[in-house]
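See below for the structure under consideration.
Bear in mind these aren't lab numbers, they're just calculated from the coordinates by the rules spelled out. Only a predicted model underlies this, so the values are computations on that prediction, with no experimental measurement involved. Here the Cβ is made from the backbone with ideal geometry for all residues, glycine too, and neighbour counts use every protein chain on show.
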Amino acid sequence: MDLNDLYRDVIVDHNRHPRNFRPMPEADRRAEGFNPLCGDRLTLYVKLDGDRISDVSFQGSGCAISVASASLLTESVKGKLVADAERLFSAVHAMLTKDDAPADPAALGKLAALSGVRAFPARVKCASLCWHTLDAALHRQTEPVRTE
Amino acid sequence: MNAASAAALDQPGLDVEAIRRGFPVLAQIVHGKPLCYLDNAASSQRPQCVIDAVSDYYETTHANVHRGVHALSQRATDLFEGAREKLRGFVNARSVRELVFVRGTTEAINLVAQSYARPRLGPGDEILVSRLEHHANIVPWQMVCQQTGALLRAIPMTRRGEVDFEAFLSLLSERTRLLALTHVSNALGTIVPVQRYIAEARRRGIPVLLDGAQAAPHLAVDVQALDCDFYCFSGHKMCGPTGIGVLYGREELLAAMPPWQGGGDMILAVSFERTVYNDLPYKFEAGTPHIAGAIGLGAAVDYLQELGLDRIATAEHDLLEYATARLSSIAGLEIIGTAPEKAAVLSFTLEGIHPHDLGTILDSEGIAIRAGHHCAMPVMEFYGVPATARASFAFYNTRTEVDRLVGAIGLAREMLG
């Protein structure tokens, strides 16, 4: 159990200085993620230009893993086609949950920083909350999302 | 001589090292470090004598109780009822008829809500709880309110984490039908001066239920001195097995209450026309009970009484004072819940570090704490925090372990602060 593998520099940095951390009044889609047991809470905003995610931002509060994961998400999907963002969601999900997932650093980019979470099963829900929330936003789901 | 009696000779304090040797679970390495178990408010650990009582029962005695003429059934019944007598002594009830075995505090409260309160409540009647309550002393009352049209009122709390006595007085009304109050807050450790509340309620003829889940392992409980009507507690928080607990109820109230669940053991005679219910306390114990759990809980009572509840309280208070002083000196750490009378529970927040990150980092150092809302979301809401970190101590914890906690908080600071 290596804490430094969980709290990598990238994670610590994105927790201290979350990117795209702002409300977006002009968002086309928004969704809420809330894990009541641990209290992680976020709102995800998405602006679409056709099939493309032209802007994405979030607000909320939570543990370092949940905040950093949401921050990294916004950087990773901004400018991507919706279909590509959903493929990325699948890849992140596999990285977080499957021991034998072929880590594809090229596809995951900075998101690979979250691969250490897999060794901490109690924390997977923190990292995945924002991704399920993005999925809900893209599918116009109105119920708040939870992953615990 | 077992560890408890060896320790008891060492007056006036407890011999913590001897005590720890009696808890096999404590002697283990977690993530490369000796286990430092500071999650006792969630569940305590068990001494070998409790584990032995349970396994001896299964190895030598097990049979169903109250129904066999054979030797094992008689021995099992004797052990089971012997445990009930131990529990009676533990809370100083007048009679074993007042001691109902249940799964735990939660079931005890639900039993009272459904069997005592529900038939007596109507629209506009009121049940009074405090804002400090564990969800188990909120939700069963909400359910019975939905069933009857009664209203649930919550006594406000103070910034220090006390129940607001003046507000309590102003909330008492002609319609108050029951006061359900925690004895010790699980989230904050506040010891509620319940006798003041009971006196006021009884003067008005309002029955009182106390949630003693956090109190029973840490204070000497005397239901006659408290003069409460119901007292609920759980075995697993007081060195006993999981899945067993006790409802104490004043006999005249229990006698007037209908059974909660129907089945075997709670009847004297059954026909399709009519069923005659069994006497107290069996009327409330339908089905085969958790025999081994009751016997294990009886052994836990023996163990705690041998150590001495007063000496346990003293030892834990010493730990609380030491831990409070050490944690207070950490910059950015805020202790949540600062009532003058507290059990050994320290709930806190750390600036810039979420409790769950702290919990993970402490775990990597072998230190087990709780991070979350502690099943007391209204308390968290009061303080405006989603969660706290909570270190809760038992008599087998040491100052060295407090020092390790403080050191590991420093490590979290270095990593994330």
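The table that follows gives values for the structure above.
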item: Sum of side-chain charges, B:Ala368 neighbourhood, beta-carbon under 12 Å (Lys, Arg +1; Asp, Glu -1); result: 0
item: Whole-Å semi-axes of the ellipsoid equivalent to the protein assembly as shown (Cα gyration tensor, √5λ, descending); result: 46, 29, 24
item: Neighbourhood net charge (14 Å Cβ-Cβ; Lys/Arg +1, Asp/Glu -1) for A:Asp40; result: +1
item: Among B:Leu179, B:Leu26, B:Leu87: highest mean-square fluctuation, GNM of chain B, C-alpha pairs under 10 Å; result: B:Leu26
item: Charge context of A:Val117, other residues only, Cβ under 11 angstrom, K/R +1, D/E -1; result: +3
item: Nearest-0.05 FRET efficiency for B:Ser170 and B:Thr288, computed from C-beta distance (R0 45 Å); result: 0.45
item: Kirkwood-Stokes translational diffusion coefficient of chain B, alpha-carbon pairs, 37 °C, 0.692 mPa s, µm²/s; result: 147 µm²/s
item: Estimated 222 nm signal from helices in chain B, with DSSP H stretches of n ≥ 4 weighted -39500 (n - 2.57), rounded to 500; result: -11500 deg cm²/dmol
item: Neighbouring partner chain Cβ atoms per residue of A:65-72, average, 10 Å criterion; result: 1
item: Unit Cα scatterers, Debye sum, the stretch A:22-148: log10 I(q)/I(0) for q = 0.10, 0.15, 0.16 Å⁻¹; result: -0.27, -0.62, -0.71
item: Separation of alpha-carbon centers, the stretch B:198-273 and the stretch A:106-139, rounded to whole Å; result: 47 Å
item: Gaussian network model of chain B, Cα within-10 Å springs - most flexible of B:Ala269, B:Ala294, B:Ala167; result: B:Ala269
item: The stretch B:308-416 shape via C-alpha gyration tensor axes, a/c threshold 1.5; result: oblate
item: GNM result for chain A, Cα springs below 10 Å: residue of A:Thr74, A:Thr133, A:Thr97 fluctuating most strongly; result: A:Thr97
item: Exposed-loop-free span, longest in chain B, where GluC sites (Glu not before Pro) count as exposed if DSSP calls them loop and at most 10 other C-beta atoms lie within 10 Å; result: B:1-173
